[in-house]
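The values are calculated or read from the model by the stated rules, or taken from the named source; none is laboratory data. Being a predicted model, the structure only gives us computed values, none of them experimental. When we count neighbours, we look across all protein chains shown, and the Cβ atoms used for this are built from the backbone with ideal geometry, even at glycine. With ligands, DNA and RNA removed, areas are computed over all heavy atoms of the protein, side chains included. Shrake-Rupley method; radii C 1.70, N 1.55, O 1.52, S 1.80 Å.
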Amino acid sequence: MAREILQLTHATLTPLQSQECSQEQLLIIVVDGVRCIPASVNRATFFHQLCPSANPLFTYEEIAFLRTAVGLFRFFGYFALADDIDDLLQRSLPDEDIVFILLQNYLLDDLRGTNVIPTTSTKFILSLAEAKCDKDYDAKRVGPYFLE
């Protein structure tokens, strides 16, 4: 899935935009009082520190590529696409506690022909885990920050 997302994003961008998203260095402007100082930073490190991803399926470099692509999509008015990629980068995989609950309820097994009936649904358990994750995420969310 992660490879397909990257390939589709590459295909959606122009070759020049795709190349820009893939560059290792990022040019930024550091504002210090009234001075503006240009600087070059590692793109993957910059995005990892500024807006870390919860999705373990992508490397830091792939996340940096997608974050840069999100900026381009927003700039050109493709807000829904940018939001979808942002959501994908923030989507974590179920942790071991959730997997254990799924196993206990026989929800990860192929039960055809066994006469075993799951005690609950996979959708219900994952929705509970997602609600907890969203609650934790909202509690940790800070910002936005504005330069004055």
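Given the structure, is T9 open to solvent by 50 Å² or more (accessible area, probe 1.4 Å), assigned to a helix (DSSP H, G or I) and over 25 Å from K123 (Cα atoms)? It is false that T9 is open to solvent by 50 Å² or more (accessible area, probe 1.4 Å), assigned to a helix (DSSP H, G or I) and over 25 Å from K123 (Cα atoms). Examine region 49-63 for a residue that is of a type outside the set (D, E), under 30 Å from S127 (Cα atoms) and at pLDDT 90 or above, and state whether such a residue exists. Yes, some residue in region 49-63 is of a type outside the set (D, E), under 30 Å from S127 (Cα atoms) and at pLDDT 90 or above.
Mind listing whichever residues of region 24-59 are open to solvent by 80 Å² or more (accessible area, probe 1.4 Å) and closer than 23 Å to G77 by Cα? Hits for region 24-59 are L27, L50. Candidates P52, P56: the one that is touching a Ser or Thr at 6+ places or on another chain (Cβ under 9 Å), in a loop (DSSP other than H, G, I, E, B), closer than 28 Å to A11 by Cβ and not hydrophobic (A, V, I, L, M, F, W, C) is P56. Is one or more of the residues making up region 27-40 among the polar types (S, T, N, Q), modelled with pLDDT under 95 and touching a Cys at 6+ places or on another chain (Cβ under 8 Å)? No; the residues of region 27-40 include none that is among the polar types (S, T, N, Q), modelled with pLDDT under 95 and touching a Cys at 6+ places or on another chain (Cβ under 8 Å). When D97, D110, D87 are checked against the criterion of being at pLDDT below 65 and either touching a Gly at 6+ places or on another chain (Cβ under 8 Å) or surrounded by fewer than 12 Cβ atoms within 10 Å (Cβ to Cβ) (or both), D110 stands alone in meeting it.
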